[in-house]
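The values are calculated or read from the model by the stated rules, or taken from the named source; none is laboratory data. A quick note: this is a predicted structure, and the numbers were derived from the prediction, not measured. Cβ: placed from backbone, ideal geometry, glycine included. Neighbour counts: every protein chain shown. In case anyone asks, the SASA skips ligands and DNA or RNA and just uses the protein heavy atoms, side chains included. Shrake-Rupley method; radii C 1.70, N 1.55, O 1.52, S 1.80 Å.
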Number of protein chains: 2
Amino acid sequence: MKWSDLDQDPCPVARAMSVVGDRWTLLILREAFLGTLRFDGFQDRLGITRHLLAERLKKLEALGLMHRTPYQERPLRHEYRLTPTGRAFGPVMLLLVDWATENLPSDLPPPVRVVSLEDGREVDPVVVDRATGTPLTYETMRLRRT
Amino acid sequence: MKWSDLDQDPCPVARAMSVVGDRWTLLILREAFLGTLRFDGFQDRLGITRHLLAERLKKLEALGLMHRTPYQERPLRHEYRLTPTGRAFGPVMLLLVDWATENLPSDLPPPVRVVSLEDGREVDPVVVDRATGTPLTYETMRLRRT
DNA sequence: GTTATGGGTTCCAAATAGGAACTTACTGAT
DNA sequence: ATCAGTAAGTTCCTATTTGGAACCCATAAC
């Protein structure tokens, strides 16, 4: 299997990995969700090399998670924003944060949290089935080959 | 930032990336959720090199997502199973599958799906707040630096 | 004794990542 | 007019990871 063709794989897990399986990409998305818009903003926050940052942003644009739009001309400068596809990744990011917080221990307090826009309180996510409302966990569901 | 220290980072997104940010690891977890138990089972299914598979399994064991137990002695042979931490990754995997299916198009039908153990029907996941039941999307929540 | 099975390790080439300097196109200050 | 600064990259070179194949070991089966 070639890494570069992973985004064409029929398996959604493989296509998801073409996004989150690249070094740095998840952190770039974190910054985007936190409101970072510009190339140097990502670079300063993450300490990623400019070279890789340019590549990752290009790939995220190609995959449709981010888009680049000019915020000024002369000199031409662009900003990077999440597309609807990128924003739809929000719940996945939330679940990743929740899972890592609960399952990969750290002695330092987390420098980010997810808050409700309604009341500003930290959210406590649970995945349920849309139709029945049943919580979906390893105990109530299975991945199956079709 | 050193890649090898990512699992010690105070940010849960960084710690999550230490799991899903390695090449192959998400696919290894997919196979584990599908029921694969043995080294050669993973290797046959994925076409990963034995070298990398051994490394990834070691890392997943070290991070606490999988554990290795003997299923026979003479000759000693082990199988790999998800730990509670690994099984807790189930809802994240489910959300990743759902997001990729909806947002990263493929012309071929997906070779896996997630079904309910109760009625066998394909699940339709939605993330809600445990206390209020409010759906959690980009429109109702934000990641914040603390 | 030879072949097969399961679970690895070793070796080397190829691809990817990291670090630093360089480039382009301006703006604003001296 | 020159110099420093800003924003967004690109280039070059080295270090680390990955990919591919072969090799190793213990045992069982033919």
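Taking the inverse of the mean reciprocal distance over all distinct Cα pairs, the Kirkwood hydrodynamic radius of the stretch A:38-93 comes to 12.1 Å. What's the FRET efficiency of B:GLU102 with A:ARG81 using the Cβ-Cβ distance as r and R₀ = 30 Å, to the nearest 0.05? The formula returns an efficiency of 0.90 here. Quarter the surface of the alpha carbon convex hull of the stretch A:22-146 and you get the mean projected area, 11.4 square nanometres. Between A and B, roughly 8100 Å² of accessible area is buried in total, ligands, DNA and RNA not counted and the probe set to 1.4 Å. Relative to the current alpha-carbon distance between B:GLU55 and B:TRP3, full extension at 0.36 nm per residue lengthens the span by 17.2 nm. Per residue, the protein assembly as shown exposes 50 Å² of solvent-accessible protein surface, assessed with a 1.4 angstrom probe and all protein chains in place. Taking amide H as placed 1.01 Å from N in the peptide plane, A:GLU79 has its amide H under 5 Å from the amide H of A:THR69, A:TYR71, each at least 5 places away in sequence or on another chain. Peptide A:79-90 is shielded by partner chain Cβ atoms: per residue, an average of 3 of them sit within 10 Å of its Cβ.
For a straight C-alpha distance cut-off of 22 angstrom, the lysines reachable from A:LYS2 (same-chain residues fewer than eight places away being disregarded) are A:LYS58, A:LYS59. Computed extension gain for B:ASP124 through B:ARG74, at 0.36 nm per residue and net of the alpha carbon distance, reaches 13.4 nm.
The mean number of Cβ atoms from other chains found within 10 Å of a Cβ in peptide B:1-8 is 2, as a whole number.
Taking amide H as placed 1.01 Å from N in the peptide plane, the amide H of B:LEU37 sits under 5 Å from none that are at least 5 places away or on another chain.
Residues whose amide H falls under 5 Å from that of A:LEU136, counting only those 5 or more places apart or on a different chain, are A:VAL127, A:VAL128, A:ASP129, with hydrogens built in the peptide plane.
Within 10 Å of the Cβ of each residue in B:24-32, the mean number of Cβ atoms contributed by other protein chains is 4. Computed from backbone phi, the HN-Hα couplings of the stretch B:131-146 come to 6, 9, x, 5, x, 9, 9, 4, 7, 10, 9, 9, 7, 10, 6, 10 Hz, rounded to whole numbers (Karplus: 6.51 cos²θ - 1.76 cosθ + 1.60, θ = phi - 60°; Gly and Pro given as x). Whenever you get a sec, compute what percent of the accessible area on the stretch A:47-86 sits on carbon and sulfur atoms (1.4 Å probe). Carbon with sulfur: 50 percent of the solvent-accessible area.
Is the protein assembly as shown rounded, prolate or oblate when judged by the Cα gyration tensor, a ≥ b ≥ c being the square roots of its eigenvalues, rounded requiring a/c under 1.5 and prolate requiring a/b larger than b/c? Verdict is prolate for the protein assembly as shown. Projected over all directions and averaged, the alpha-carbon convex hull of the stretch A:3-86 occupies 5.7 nm².
Each copy carries a label point for A:ARG45 at 7 Å from Cα along the beta-carbon vector; from one copy to the others these points are 3.6 nm apart, nearest first.
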